[in-house]
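Below: the structure, in structure tokens.
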Ligand code: IPE
Ligand code: IPE
Ligand code: MG
């Protein structure tokens, strides 16, 4: 694996609707085509020795979309989880999802559980899907969990620190993403991993998600390799120069 390869890459998969509109198709055709890009990105992540790939599949704000589009998005997600299950197992990919489950259609919840269970031994790549995920909600849940711990006497309010906060976030023990890619030219995080993104490198790609291919993935990795990560400190060269 080349030096400076990110261990954890996260992607805000955006532009499916525009992709379809440009072709005079209904928006759902863009979401359907987006599934192909998911497959390509997963394969590319495996080939490049990345250990964790997080994909933003459905945000807590995406419920504001028309019911018909939401229905199709979840049908496609379920189809992906069922049809890709064996390939994920064969390729050593462990799939997990994070986000709220209580609002998901029951067949999607079931397909998620079954795919998580079937792939749990995968050791090559951890593929994480953010489904009905929003960072603000994640923070509120985390604050609530710590407040209950304080009420029960498990933790004192003054003991709450970054570590205890991370412990109750949905990401748990998964290290923060090194690189966050967003497609379709938008330059915002849209409520994605706001805590974990604190020191992530951001990469914005103009291509629409269904067109995102291995070359684009490699371009993002090449760009990452040019970045100097300092985490508030100084670069090694600056330290050495005094
Ligand atoms: C991303 O594509 C898919 C989801 C947000 C679920 P969009 O549906 O946001 O596509 P655009 O941004 O309208 O082109
Ligand atoms: C972000 O894309 C959510 C996902 C990719 C799942 P959106 O298309 O929903 O974001 P905004 O509305 O343009 O910020
Ligand atoms: Mg969008």
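Read the figures in this text as sums done on the coordinates, not as results from a lab. Small disclaimer: the values here were computed from a predicted structure and weren't measured. Cβ atoms come from the backbone with ideal geometry, glycine included; neighbour counts cover every protein chain shown.
What the table shows:
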quantity: Residue among 86, 22, 110 with the largest mean-square fluctuation in a Gaussian network model of the chain, springs linking Cα atoms under 10 Å; calculated: 22
quantity: Relative contact order, percent, the range 143-242 [alpha-carbon distance under 8 Å, six or more residues apart]; calculated: 20
quantity: Over the range 42-111, volume per residue of the alpha carbon convex hull, in Å³; calculated: 100
quantity: Extension gain (nm, one decimal) between residue 231 and residue 195, 0.36 nm per residue minus Cα-Cα; calculated: 11.5 nm
quantity: Gaussian network model of the chain, springs between alpha carbon atoms under 10 Å - residue of 46, 205, 113 with greatest fluctuation; calculated: 113
quantity: Computed E for residue 106/residue 202 - FRET, C-beta separation, R0 35 angstrom, nearest 0.05; calculated: 0.45
quantity: Shape call, the chain: gyration tensor on alpha carbons, a/c limit 1.5; calculated: oblate
quantity: Helix-only CD estimate at 222 nm, as mean residue ellipticity for the chain, using -39500 (n - 2.57) per DSSP H run (n ≥ 4); calculated: -13500 deg cm²/dmol
quantity: Amide N of the range 161-198 lying under 16 Å from the label point, which is placed 7 angstrom from the Cα of residue 5 along Cα→Cβ; calculated: 178-179
quantity: Global geometry of the range 90-209, whether rounded, prolate or oblate, following the gyration tensor of its Cα atoms and the 1.5 cut on a/c; calculated: oblate
quantity: Percentage relative contact order, the chain, counting C-alpha pairs under 8 Å, at least six apart; calculated: 28
quantity: Cα gyration tensor category, rounded, prolate or oblate, for the range 9-69 with a/c compared to 1.5; calculated: oblate
quantity: Amide N of the range 179-214 lying under 18 Å from the label point, which is placed 7 angstrom from the Cα of residue 23 along Cα→Cβ; calculated: 184, 207-214
quantity: Residue among 27, 40, 167 with the largest mean-square fluctuation in a Gaussian network model of the chain, springs linking Cα atoms under 10 Å; calculated: 167
quantity: Peptide ranges 120-128, 206-214 listed from the most packed, as the mean C-beta count within 10 angstrom indicates; calculated: 206-214, 120-128
